[in-house]
1. Just to check, using Stokes-Einstein with a Kirkwood Rh over alpha carbon pairs, what's the diffusion coefficient of region 194-268 at 20 °C and 1.002 mPa s in µm²/s?
2. According to the square roots a ≥ b ≥ c of the eigenvalues of the Cα gyration tensor, what is the shape class of region 50-172, taking rounded for a/c under 1.5, prolate for a/b larger than b/c otherwise, and oblate for the remainder?
3. Carbon and sulfur atoms: what percent of the 1.4 Å accessible area of the chain do they account for?
4. Any chance you could tell me what percent of the C-alpha pair distances in the chain go past 30 Å?
5. Strictly over 19 Å apart at the Cα level, which of 80/224; 93/256; 59/80; 59/224; 224/262 would you flag in this model?
6. Could you give the semi-axes, largest first, of the ellipsoid that matches region 102-174, computed as the square roots of 5 times the alpha carbon gyration tensor eigenvalues and rounded to whole Å?
7. Taking only protein heavy atoms into account and a 1.4 Å probe, give the accessible area per residue of region 39-130 in Å².
8. How much mean residue ellipticity at 222 nm does the chain get from its helices, if each DSSP H run of length 4 or more adds -39500 (n - 2.57) and you divide by all residues, to the nearest 500 deg cm²/dmol?
Amino acid sequence: MAAMSRLLVCPPDYFKIEYEINPWMRRSNAVDSEQAIRQWHHLMQVLEQDVGAVLERMKPVPGLPDLVFTANAGIVVGRKAVPSRFRYAERRKEETYFEEWFRGQGYEVVTLDPGSFFEGAGDLLGFPDTWFGGYRQRSDIRVFPTLSDWFHREIIPLELVDNRFYHLDTCLCPLSGGELLYFPPAFDHYGQAALAERITPSRRLVVSEAEALRFACNAVCVGKHVVLPAGCPETESLLASCGYLPHPVPLDEFMKSGGSAKCLTLALD
Ligand code: ARG
């Protein structure tokens, strides 16, 4: 039986590089909008047809170029949703649209203190009972004890030490079979040790720097399917050797903004 998965997505109608809030973004590196739309639709087709995911589409909003990265909408577990609180003013205007979407769908919306930063599933992901929380670049470490209480899950905080890997989902991807796909140098020694302590060596799938920089870890895993950016052949072989079915999708227009497959989706269950 294929695993069922519902994902929130937002079409890239207004996707552009209008500001620079991570080292990947350069305003001079303009997005080819038609190509971005093609790549996004191809990703949706793979998610729906090959992976069997159910997609919930949000309405894009002019002037909010990064709304397409729905991983940053917040975190959803069961019927409870915690909307993001963005670090940068440039993305803060997205908060009300994501929150409105959660409320419109009938989620119980629980909100963090306005002064704290939390960028949703971009910085919080994990296995069914243990989660990992990426902090320093975007989210604050102090939101994790609160989220841990609200969701009754252990959250292991991981400091992100390389600003090219500014969200946890750019360098770490928990897989459905308990393996962890990740790029260890994006974490400090303490974080690397914390991961090594919890994941047995045979379940640690280490991504090379070259493929980490092509966002190999920014993958969507649904059951045995793993949708990842094209251009990561070593990671594809690694996944296949563990029994996964890799689905490479070209997403380089979104890399101009520092995002790829996983950033473009939010898991709703
Ligand atoms: N340009 C966006 C930003 O810097 C990209 C967000 C990517 N999202 C993610 N979950 N990694 O905020």
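1. Values: Rh = 12.9 Å.
Value of D from the Cα-based Kirkwood radius: 166 µm²/s.
2. Numbers: a/c = 1.34, a/b = 1.18, b/c = 1.13.
The shape class here is rounded.
3. Values: 5670 of 11110 Å².
Accessible surface attributable to carbon and sulfur in the chain totals 51 percent.
4. On the way: 7193 of 36046 pairs.
Cα-Cα pairs of the chain separated by over 30 Å account for 20 percent.
5. Working: 80/224 26 Å; 93/256 21 Å; 59/80 21 Å; 59/224 30 Å; 224/262 16 Å.
Over 19 Å apart, Cα to Cα: 80/224; 93/256; 59/80; 59/224.
6. Working: eigenvalues 82, 41, 31 Å².
Semi-axes from the Cα gyration tensor: 20, 14, 12 Å.
7. Numbers: 3780 Å² over 92 residues.
The answer is 41 Å² per residue.
8. Numbers: 8 runs with 63 residues, N = 269.
The helix contribution divided over the chain gives -6000 deg cm²/dmol.
The values are calculated or read from the model by the stated rules, or taken from the named source; none is laboratory data. Being a predicted model, the structure only gives us computed values, none of them experimental. Quick reminder, even Gly has a Cβ in these numbers, built from the backbone with ideal geometry, and neighbours come from all protein chains shown. Keep in mind that these areas ignore ligands, DNA and RNA; they rest on the heavy atoms of the full protein, side chains included. Shrake-Rupley method; radii C 1.70, N 1.55, O 1.52, S 1.80 Å.
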